[in-house]
């Protein structure tokens, strides 16, 4: 059988990954540099009977996908910086109401209107803490066109399983980069769809199955009638002010992540077996970091790459272990230190941590990372 | 003996009485909605009640439908997604004057423009009740509110005119006092294809009534009784007898093809059928 | 403050009263009544008046014409007529 190899943009691959994952609803608002995702979905969704709608703003974009998802859709929206800011309130709604959906943020330079056509990695903390209140967060971060496809599929799977919005934290560099990828055949990638309840409607409680991960839940219109609210609620979805019920709900949201870190966190490592210098980087910046460690190895320097594809939950355990065994960690990012802060939080062994940052709208280059590696060896 | 006919539509397990203040018109509107759905004989499983935030928006939890209590102003955006994904569902949006016309004003006009197949019940009490009586986009100029201690300096919206201008298929207004007319208007709106709006004027005795010295719930309903004119009667009256009155009835009613049906055609086109 | 009840508890309590022989044309389910007096004010036949507990009392049942003005206007679904009009 012939392989299906295509030359694709990261944004196109994201849209194709969504279709592969079974996405049947997209709502959004045009914004650079994410718009290609909406355009692709507008073209592809109706072909398979799915729905695309361009809303009046990004708030409506996320609102409409939450509504569609509550009615049973596999739903997605895509946006960038300012649009992501507008979505923050309803991102929290999705967490509280436990509605599965995928939110793509193709990061651009900020703050404010910032740099619409230039990339950045400075929404990492917004993805984690942008909405108010304590809440769970899952954010995935592709470093290639192929990963943009595959992590979009994974984002849908995790959304379905964990009953919550999952953020795909792309950046303009990967979103607009073209490279070849081999399209996964049908059935090649695992797809997860949440189970439907089997109890009678009278016995059904929307949040009452005792488990928040992998359990069954119903869609509106399926014969199970229930209430969804952004107010803190009991297992039936009724608003509550009782502290025992509030505690139950908040623990339920927290445990989703805390009790399932091993299955959520993925960290790619290259040349790390004997590495003395680790470069920690994700997304677009990791491409330069990868090139840099390969060139360093060619010079005989024991450098390796640590590259998470899950940025939230943060790979604490893997990082702590690596920080204990390397002499130096270089943190390469296109931000003023959002990633660096997390490494410093975890660095209990006083490993030397060196930032390599760029935030002038341009891509961090392999040379900039390589220079930092070489500097360490002097 | 006859049991209260609305009880079969109330949410099992939910404690009553509901959250609204004594004499709040919202309970009367809720009764009219329940009766309208009962008259149509629609299955509760097909009903979705979507609301935003505010006094009115607390309604869905009390009614045994599929219910979605969303964020402030965003009910119509959520409802659009529900309806577009599953057009078989009957989607009612429960909203208030602040929810629909201030924070949610953009969604309101755009849903009317794209003719989303929703029925919006806008419970207009001319004030923000939940937060304690601040002025809203429908507080008449000069009226008092907690944020307008000397009277408001702003003009108010006419939600029915706004929706019509934006492209709604159906607009109507009723008052809580005339609960039977309101019920009929809601029933008609529910059966309309496309974006339909029923503005239900609902007294807020606790805040609006007290701040504006309009008396208790009974006095406010008596005022409605004395100052409401149906549009058919109003059209025959001289202007000076209509000014300052609440005009009720159907203002706008046209046959349209709703968004969901047009999108179905797009699907066929995309699939080359 | 009266204990809040759900619709099943309300039904059971009302049916219990019916079984015990409640025979007035209007029934007031007091746990849900908030004493707004709308039913009393808009009864066209002056059947209702406020009792000492600030809940409506069916004072003149013989005057009731089963018009349901109280039932449709009660914001709290706390009052209803107990029989249909004879046609």
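The values are calculated or read from the model by the stated rules, or taken from the named source; none is laboratory data. Everything numeric in this text was worked out from a predicted model, so none of it was measured. Neighbour counts run over all protein chains shown; Cβ positions are idealised from the backbone, glycine included.
For this structure, a couple of remarks:
Residue by residue, here is whether (1) assigned to a helix (DSSP H, G or I); (2) out of contact with any strand residue (DSSP E or B) (no Cβ under 7 Å at 6 or more places or on another chain); (3) more than 12 Å from every other protein chain (Cβ to nearest Cβ) holds:
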{"residue": "A:219", "(1), (2), (3)": "no, yes, no"}
{"residue": "A:228", "(1), (2), (3)": "no, no, no"}
{"residue": "A:245", "(1), (2), (3)": "yes, yes, yes"}
{"residue": "A:269", "(1), (2), (3)": "no, no, yes"}
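- Given (1) crowded, with 24+ Cβ neighbours inside 10 Å; (2) out of contact with any strand residue (DSSP E or B) (no Cβ under 9 Å at 6 or more places or on another chain); (3) over 27 Å from residue A:232 (Cα atoms), number of the condition residue A:107 does not satisfy: (2)
- Within the set B:122, B:101, the sole residue that is part of a strand (DSSP E or B), more than 20 Å from residue A:27 (Cβ to Cβ) and at pLDDT 95 or above turns out to be B:122.
- Any hit, the stretch B:153-174, residues being within 14 Å of chain C (Cβ to nearest Cβ) and at pLDDT 95 or above: yes
- Of residues in the stretch C:24-49 being outside any helix (DSSP H, G or I) and either at pLDDT below 95 or within 7 Å of chain B (Cβ to nearest Cβ) (or both), the one surrounded by the fewest Cβ atoms within 10 Å (Cβ to Cβ): C:35
- Test: residue in the stretch A:201-210 that is within 14 Å of chain B (Cβ to nearest Cβ), more than 28 Å from residue B:74 (Cβ to Cβ) and either in contact (Cβ under 8 Å) with a residue 60 or more places away in the chain or surrounded by fewer than 19 Cβ atoms within 10 Å (Cβ to Cβ) (or both): yes
- Residue tally, condition within 12 Å of the chain's Cα centre (by Cα) and farther than 16 Å from residue A:311 by Cβ, over the stretch A:127-156: 2
- Pair list, Cβ < 7 Å and 6+ apart or interchain, from the stretch A:33-50 residues that are at the interface with chain B (Cβ under 9 Å from one of its Cβ atoms) and within 17 Å of residue A:8 (Cβ to Cβ) to residues that are modelled with pLDDT of 95 or more and surrounded by 17 or more Cβ atoms within 10 Å (Cβ to Cβ): A:44/A:15; A:44/A:19
- Checked against the criterion of being within 14 Å of chain B (Cβ to nearest Cβ) and within 25 Å of residue A:315 (Cα to Cα), the candidates A:130, A:119, A:92 yield just one match: A:92.
- Test: residue in the stretch B:56-66 that is part of a strand (DSSP E or B) and more than 9 Å from every other protein chain (Cβ to nearest Cβ): yes
- Candidate set from the stretch B:231-251 (those that are in contact (Cβ under 8 Å) with a residue 24 or more places away in the chain and closer than 18 Å to residue B:177 by Cα); member that is surrounded by the most Cβ atoms within 10 Å (Cβ to Cβ): B:248
- Odd one out for residue B:80 among (1) in a helix (DSSP H, G or I); (2) at the interface with another protein chain (Cβ under 7 Å from one of its Cβ atoms); (3) within 22 Å of residue C:73 (Cα to Cα): (3)
- Any hit, the stretch B:140-154, residues being out of contact with any helix residue (DSSP H, G or I) (no Cβ under 8 Å at 6 or more places or on another chain) and assigned to a strand (DSSP E or B): yes
- Note on the stretch B:3-45: residues that are part of a loop (DSSP other than H, G, I, E, B), more than 9 Å from chain C (Cβ to nearest Cβ) and in contact with a helix residue (DSSP H, G or I) (Cβ under 7 Å, 6 or more places away or on another chain) total 1.
- Checked against (1) surrounded by 24 or more Cβ atoms within 10 Å (Cβ to Cβ); (2) out of contact with any strand residue (DSSP E or B) (no Cβ under 6 Å at 6 or more places or on another chain); (3) more than 14 Å from chain C (Cβ to nearest Cβ); (4) outside any helix (DSSP H, G or I), residue B:48 passes all but a single condition, namely (2).
- Applying the set (1) within 30 Å of residue B:273 (Cβ to Cβ); (2) within 8 Å of chain B (Cβ to nearest Cβ); (3) free of Cβ contacts under 8 Å to residues at least 40 places away in the same chain to residue A:27 leaves exactly one unmet item: (3).
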